[in-house]
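Some notes on the structure that comes next.
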Amino acid sequence: MKKLFVAFITFSMLLSLSAVSQIINEAPVDGLFPEESWTINKKPIPYPAIRKADVMWSKRIWREIDFRQKVNQKFYYPIDSQVSWKSFIMVVLDALKEGGQMTAYDISNTDELLVPITFNEIIGRQTDTIHTVGRRPYPPYEEYDTAIYTEFDPTKVMRLRIKEDWYFDKQRSQMMVRIIALCPVLMIERDGQEQTSPLFWISYTEARDVFAQALVFNEFNSAMRLTYDELFWKRLFDSYIYKEQNVYDRRISAYATGVDALLESERVKNEMFRFEEDLWQY
């Protein structure tokens, strides 16, 4: 009887210690739900079926998204990546670093996806060393060399270029659009002026699996988080057209600047709108 009592006491103590250790090791819930509940496993929204015979009109358009606009700030933030929330450029860079999820292509004059480049090549191209010669302000006023190292800073990526095809599907009697490729743009300062430096192109169709699992901040409802795939699909961004397909293969900036370039961009957009509208006028 005494041995049974000792065994019961020992078993009770072991249960208490295991319960205490479980409470100590259990992380607190930072919010309404555990952080693991935000992990998603969505699939990209499927494209509608399209036949070449049904496309009676099409035009290729190049757009640019400026992350500094208020409606586009969801692409730029957060600066410091979180478990379930990353900026657009960090989502892309992490996918390129892991390999196999996304492929980057070198920048070319024709914006074609031809030459693949690796993550290390992308980072290496943005790492620069500038050598300068200075002179000491005191005797003997000798000269000395200074090396300034410039490393890649993801926070300097403030724009995104989009290559897309607009087409009229006569089977659905609807003007539709399909994004073809994306290009992050780095903003750099040279000689006191801000300049653009495109990094690489990625295929949007290939990247959709990654975008469908990357959450975006929803300023209207934090309980209904969006993904980057839904962001592009629903076109929840503001942009301007900087090039349309033309015989000269030139951008709008090649023949218009300032306000004239913005007006030309609006003209291209309104021209496509009028084309669809005129189809239904009898």
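The values are calculated or read from the model by the stated rules, or taken from the named source; none is laboratory data. Keep in mind that this is a model prediction, so the values were computed, not measured. Glycine also receives a Cβ, built like all others from the backbone with ideal geometry; neighbour counts cover every protein chain displayed.
Which of the residues spanning the stretch 87-103 are of a type in the set (Ser, Thr, Tyr) and either within 14 Å of Thr227 (Cα to Cα) or surrounded by fewer than 16 Cβ atoms within 10 Å (Cβ to Cβ) (or both)? Give the steps one after another, and end with the answer.
Taking the stretch 87-103 first, the residues of a type in the set (Ser, Thr, Tyr) are 87, 103.
If the condition is that a residue be of a type in the set (Ser, Thr, Tyr) and either within 14 Å of Thr227 (Cα to Cα) or surrounded by fewer than 16 Cβ atoms within 10 Å (Cβ to Cβ) (or both), then Ser87 is the only one that fits.
Which one is surrounded by the fewest Cβ atoms within 10 Å (Cβ to Cβ) among residues in the stretch 54-86 that are in contact with a Phe, Trp or Tyr (Cβ under 6 Å, 6 or more places away or on another chain) and closer than 12 Å to Pro184 by Cα?
Glu64
Tyr240 - would you say it is of a type in the set (Ser, Thr, Tyr), within 23 Å of the chain's Cα centre (by Cα) and on the phi < 0 side of the Ramachandran plot? Steps first, please.
Numbers: of a type in the set (Ser, Thr, Tyr): yes; within 23 Å of the chain's Cα centre (by Cα): yes; on the phi < 0 side of the Ramachandran plot: yes.
Yes; evaluated as a whole, the condition is true for this residue.
If a residue has to be outside any loop (DSSP other than H, G, I, E, B) and under 24 Å from Asp111 (Cα atoms) to count, how many in the stretch 59-93 make the cut? Break it down into steps so the answer makes sense when it comes.
Narrowing the stretch 59-93 to residues outside any loop (DSSP other than H, G, I, E, B): 59-66, 70-76, 82, 85, 88-93.
Now narrow it down to the ones that are under 24 Å from Asp111 (Cα atoms): 59-66, 72, 75-76, 88-93.
Counting residues in the stretch 59-93 that are outside any loop (DSSP other than H, G, I, E, B) and under 24 Å from Asp111 (Cα atoms) gives 17.
Having 1 or more residues that are more than 26 Å from Lys59 (Cα to Cα) is the bar; report the strands (runs of 3 or more DSSP E) wholly within the stretch 164-204 that clear it.
Working: elements: 174-190, 193-198, 201-203.
Passing ranges, in order: 174-190, 193-198.
Any idea how many residues of the stretch 217-251 are surrounded by 11 or more Cβ atoms within 10 Å (Cβ to Cβ), out of contact with any Leu (no Cβ under 9 Å at 6 or more places or on another chain) and among the β-branched types (Val, Ile, Thr)?
Number satisfying all stated conditions: 1.
Across the stretch 217-247, what is the total count of residues that are within 19 Å of Arg161 (Cβ to Cβ) and β-branched (Val, Ile, Thr)?
Applying the first criterion (within 19 Å of Arg161 (Cβ to Cβ)) to the stretch 217-247 yields 228-229, 231-233, 235-246.
Right, trim to β-branched (Val, Ile, Thr) and you get 241.
Within the stretch 217-247, residues that are within 19 Å of Arg161 (Cβ to Cβ) and β-branched (Val, Ile, Thr) number 1.
If only one of Phe220, Phe273 is among the hydrophobic types (A, V, I, L, M, F, W, C), in a loop (DSSP other than H, G, I, E, B) and free of Cβ contacts under 8 Å to residues at least 12 places away in the same chain, which one is it? Full working, then the answer.
Working: Phe273 fails: in a loop (DSSP other than H, G, I, E, B).
Matching residue, one of Phe220, Phe273: Phe220.
Residues of the stretch 148-162 being assigned to a strand (DSSP E or B) and either within 14 Å of the chain's Cα centre (by Cα) or among the polar types (S, T, N, Q) (or both), which ones? Explain how you work it out, then say what you get.
First, the residues of the stretch 148-162 that are assigned to a strand (DSSP E or B): 148-150, 157-162.
Thr150, Val157, Met158, Arg159, Leu160, Arg161, Ile162 - these are the residues of the stretch 148-162 that are assigned to a strand (DSSP E or B) and either within 14 Å of the chain's Cα centre (by Cα) or among the polar types (S, T, N, Q) (or both).
Got at least one residue in the stretch 263-272 being closer than 21 Å to Pro48 by Cβ and not β-branched (Val, Ile, Thr)?
Kept after step one, since they are closer than 21 Å to Pro48 by Cβ, are these residues of the stretch 263-272: 272.
Remaining after also requiring not β-branched (Val, Ile, Thr): 272.
Yes, the stretch 263-272 contains a residue that is closer than 21 Å to Pro48 by Cβ and not β-branched (Val, Ile, Thr).
Can you tell me which condition Ala53 does not meet? The list is (1) at pLDDT below 85; (2) among the aliphatic types (A, V, I, L, M); (3) part of a helix (DSSP H, G or I), and all the others hold.
Here Ala53 clears every test but (1).
When the stretch 242-270 is examined, which residues are found to be part of a helix (DSSP H, G or I) and not charged (D, E, K, R)?
Initial filter on the stretch 242-270 (part of a helix (DSSP H, G or I)): 252-254, 259-270.
Across the stretch 242-270, the qualifying residues are Ile252, Ser253, Ala254, Val259, Ala261, Leu262, Leu263, Ser265, Val268, Asn270.
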